[in-house]
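K.L.:
Sharing a structure with you now.
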Amino acid sequence: MTELVKRKLEARPAPEPDPGDPFAAFREVEILDMQMAFGFRHSLGKLSRFFLALEERKLLGTVCPTCGKVWLPPRPVCPDDLAVTEWRELAQRGRLAVGSLSAYSLKTAGGDRQLMLGYVEVEGASTLILQQIRNLGAHALEPGLPLKIVWSEEAVEHPMELFWFEPA
Amino acid sequence: MPDPDIVLLGGGISRFARERADGTPVDWMTEATRDALADAGVDHGDLDMSVVSYESEILARQVTMGQVVQDALGLCPKPSVRVEAGGGTAGAALRTAFAYLKGGLAGSVLVVGAEAVGRLVSSATVREVYALSGDVEFEMAAGGFFMAYYALMMKEHMRLYGTTEEQMALVSVKNHRNALSNPMAAMPMSITVQDVLESPPVVAPYKRLDCSVLADGAAAVILATADWAAAHASAWRDKPRVFMTGSGCGTERVRLGDRPRPDPGFAHMRAKREAARKAYAMAGIEDPRAEIDLAEVADAYTGAELQSIEALGFCAPGESGPLLEQGVFDLGGALPVNTSGGLLGMGGPPGAIGLAQAIEVLRQLRGECPAERRVPGARRGLTDIHGGTASYAVVSIFDRRD
Ligand SMILES: [Zn+2]
């Protein structure tokens, strides 16, 4: 028999009524297959220069002219004093602050594969940046591990995938 | 300025479960509301307004959830406001109702919340949508997601204080066990530390049984001024009276790496400390561990419960693990934590869990909980819920007054 409703996944008959169930007459269930897909023209706004610089293999932070704090990830405005910041190129090395191994990753980061994530204290930055750690080799993923930036030789989907950290 | 006393008149929960195909979020919120009204002995036509607690409408395929619920509950044309604060949504909803009542804009408020995040939505989709509640430009693009952020927080906690995976596992054992006597809980389980340690790894140090599961479900409470309650609610006459005597809220930088180091750094929840400080000041609490009889604490992950216990000032940073081992936070201990089962034992629909916490405290303070999880003679309870990586925290205090 042909299904009259193409999106119908399942129809469950009502179970034996539970005595005292006020909703006894509402226990039949139909489940539909509904889909939603979104696309975005997503502007990176005032952060765009950071992401464009990654294509030139440069790591940019922003420095606050008022308090001197160096933000990485960059911020166009220092939240400590609301001063407009200035771009500053940073060294491509640092140390692991904290890292961990994940058994899986988001669909947008490749789905089921393992992933090593860490917060890295880049030399000259006042804050920490989250990034993937790869090719750990025999090193332990321990705080203080010296790290360097490695750049992707291949085209990537998102500019943040242009770099990761490896033991220095 | 008038400063009305605010009373928690009643509550209702529509069962938390991994999958609730038997209704939509609107259905569950209606069920929870009917139960809350019956518990409070209030006619729904007498209610002044609603606060609707719903985090991610995309996952329910229903935007403007507040308006849809208002209609289903027959509360039109009365006022309503919908509140969102990530995992802390229901805490923010409670606080919003509290503010409306304190400010004189309403005499009674229905606070109702739900979330459709169970198995009818794929867990990959849910993780993807929830990752959007953190930093999307840098961290999500680098592969970051919430379980990983929480794991990194505990890595630091372990390094600083020697907190162990066994201590975290004990949280899971305790909360799943507490849920055994809670018929509204999605994840009642009798498990051992070994079971937790041997469950599949997720993000080190977390294993699957360290993590709460997302569940469908709804909860509703009725808050009112004492004057309104005396005029409209039979619970005011017939049941022990439980007042909401303190409310605090705090916030924190979204990215862990942007937080001042070493304190709060990764290991400490500054937003929660701030929320607790304000709630304690309002309720007149000076020594929370001695003056609070039970607490429902944010435990989306086992380590988060330990971090929360410390941020709430129940002990100094690093002391929560050893105190947990001594049984301080068990039923029968000096300060039982998550007698309901918490998020680990109940499952966590973000729009509802903070209300379910308040309902557990209400039941405990009234002496209505089953003997297995009752805190005898409890007079004061706390609820604590947060969103993000504790980027937003709400703490509420409830007192029984006879
Ligand atoms: Zn500054």
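K.L.:
Of all residues being more than 21 Å from residue B:265 (Cα to Cα) and either of a type in the set (Gly, Ala, Ser) or within 11 Å of chain B (Cβ to nearest Cβ) (or both) in segment A:77-101, which is farthest from the ligand (Cβ to nearest atom)? Just the residue, please.
P.N.:
A:91
K.L.:
Tell me whether segment B:186-204 contains one or more residues that are surrounded by 24 or more Cβ atoms within 10 Å (Cβ to Cβ), within 14 Å of another protein chain (Cβ to nearest Cβ) and not in a loop (DSSP other than H, G, I, E, B).
P.N.:
yes
K.L.:
Select from segment A:35-50 the residues that are part of a helix (DSSP H, G or I) and exposed (fewer than 13 other Cβ atoms within 10 Å of the Cβ) and write down the one among them that is farthest from the ligand (Cβ to nearest atom).
P.N.:
Per the criteria, the residue is A:48.
K.L.:
Turning to a different aspect of this structure: Could you run through segment A:31-52 and say how many residues are among the aliphatic types (A, V, I, L, M) and over 19 Å from the mean Cα position of the chain (by Cα)?
P.N.:
Count: 5.
K.L.:
Considering only residues that are away from chain B (no Cβ under 13 Å) and open to solvent by 30 Å² or more (accessible area, probe 1.4 Å), look in segment A:127-149 and name the one that is farthest from the chain's Cα centre (by Cα).
P.N.:
A:138
K.L.:
Somewhere in segment B:57-64, is a residue closer than 25 Å to residue B:296 by Cβ and open to solvent by less than 10 Å² (accessible area, probe 1.4 Å)?
P.N.:
The answer is no, given that none of the residues of segment B:57-64 is closer than 25 Å to residue B:296 by Cβ and open to solvent by less than 10 Å² (accessible area, probe 1.4 Å).
K.L.:
Can residue B:230 be described as surrounded by fewer than 23 Cβ atoms within 10 Å (Cβ to Cβ), touching an Asp or Glu at 6+ places or on another chain (Cβ under 8 Å) and more than 27 Å from residue B:343 (Cα to Cα)?
P.N.:
When the stated conditions are applied, residue B:230 does not pass them.
K.L.:
Mind counting the residues in segment B:248-263 that are over 14 Å from residue B:387 (Cβ atoms), assigned to a loop (DSSP other than H, G, I, E, B) and more than 11 Å from chain A (Cβ to nearest Cβ)?
P.N.:
Of the residues in that region, 1 qualify.
K.L.:
Still on this structure: For segment A:51-68, enumerate the residues that are part of a helix (DSSP H, G or I) and either free of Cβ contacts under 8 Å to residues at least 40 places away in the same chain or within 16 Å of the ligand (Cβ to nearest atom) (or both).
P.N.:
Scanning segment A:51-68 gives a single hit, A:53.
K.L.:
Now for a different question. Name the residues in segment B:128-154 that are at pLDDT below 90, surrounded by fewer than 19 Cβ atoms within 10 Å (Cβ to Cβ) and within 22 Å of the chain's Cα centre (by Cα), would you?
P.N.:
Result: B:129, single match.
K.L.:
Counting only residues that are surrounded by fewer than 24 Cβ atoms within 10 Å (Cβ to Cβ), assigned to a helix (DSSP H, G or I) and within 14 Å of chain A (Cβ to nearest Cβ), how many does segment B:19-56 have?
P.N.:
8
K.L.:
Next question, about the same structure. Residue pairs, Cβ under 6 Å, 6 or more apart or interchain, first in segment B:295-309 and free of Cβ contacts under 8 Å to residues at least 40 places away in the same chain, second assigned to a helix (DSSP H, G or I). List them.
P.N.:
Filtered contacts from segment B:295-309: B:309/B:320.
K.L.:
Another question about this same structure. Looking only at segment B:105-158, how many residues end up being polar (S, T, N, Q) and not in a helix (DSSP H, G or I)?
P.N.:
Final tally of qualifying residues: 3.
The values are calculated or read from the model by the stated rules, or taken from the named source; none is laboratory data. As the structure is a computational prediction, the values presented were derived from the model and not from experiment. Using ideal geometry, Cβ is built from the backbone for each residue, glycine included, and neighbour counts are taken over all protein chains shown. Just the protein is used for accessible areas: all its heavy atoms, side chains included, with ligands, DNA and RNA removed. Shrake-Rupley method; radii C 1.70, N 1.55, O 1.52, S 1.80 Å.
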